[in-house]
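See below for the structure under consideration.
Nothing in this text is a laboratory measurement; each read-out follows from the coordinates by a stated rule. On a predicted model such as this, the values are computed, not experimentally measured, just so you know. With ideal geometry, Cβ positions are generated from the backbone for all residues, glycine too; neighbour counts draw on all protein chains shown.
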C-alpha cells in the first residue's frame with residue numbers, strides 16, 4: 001500500500017515531468033523550413049505517399065494499390081489485374097503528388113504569413129480552410145483507390161490480402177463480394 005505523502009510526491013513528480021516534456025515538445029522545430037511539417041512529412045506529400053490516409057479502408061477489407069502490387073505473386077493476380085493495378089497505382093500517385101505539392105506550398109505560405117507578424121484572423125481562417133480542403137481531397141483520393149481495388153480483386157484475393165497484411169481474420173474482414181459499396185472502378 002502506498003502512503004498518502006508518498007503518493008502525493010509521486011503525483012507531483014509525474015506532473016512536473018509531464019510539464020517539462022510539454023515545454024520541450026517542440027524543441028528544434030523553429031528551425032524547420034515549414035514549421036507544421038517534418039522533413040519526412042514534406043517528402044511523403046511530394047512523393048504521393050498515403051501516410052495512413054486510407055487506413056479505415058485498408059483495415060476494413062479495401063486493399064490499396066501499392067500493397068496489392070507488393071503482394072502480386074502471393075495474391076496470384078492475373079495479368080490483367082496486375083496491369084490494371086499498376087495503372088491505378090501510377091494514376092493515384094501522380095494526382096497525390098500534385099495535391100501534396102499544393103499542400104506543402106500552402107503550409108509554407110501559412111508559415112510565412114505567421115512569420116511576417118501581419119496575420120489577421122481572416123487570413124488565418126482562409127489559409128486553414130484551404131489546407132483543410134486540400135487535405136480532405138487528398139484523403140478522399142487515396143480512399144477512392146482502395147474502393148476501386150476492391151472491385152478489381154476477387155473475394156478470395158481480398159481475404160488473402162487481409163491475412164498477408166496481418167489484419168483481422170478473413171471472416172472479420174468485411175469481404176462479401178464485388179460492387180457492394182456503390183463505387184464504380186475507374
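Things worth noting here:
- The smallest convex shape that holds all Cα atoms of the stretch 67-111, its convex hull, gives 52 Å³ per residue.
- Cα shape, the stretch 37-172, gyration tensor, a/c 1.5 rule: prolate
- The stretch 37-172: relative contact order as a whole-number percent, Cα under 8 Å and 6+ apart: 40 percent
- Cβ-derived FRET efficiency at R0 30 Å, residue 154 paired with residue 133, nearest 0.05: 0.25
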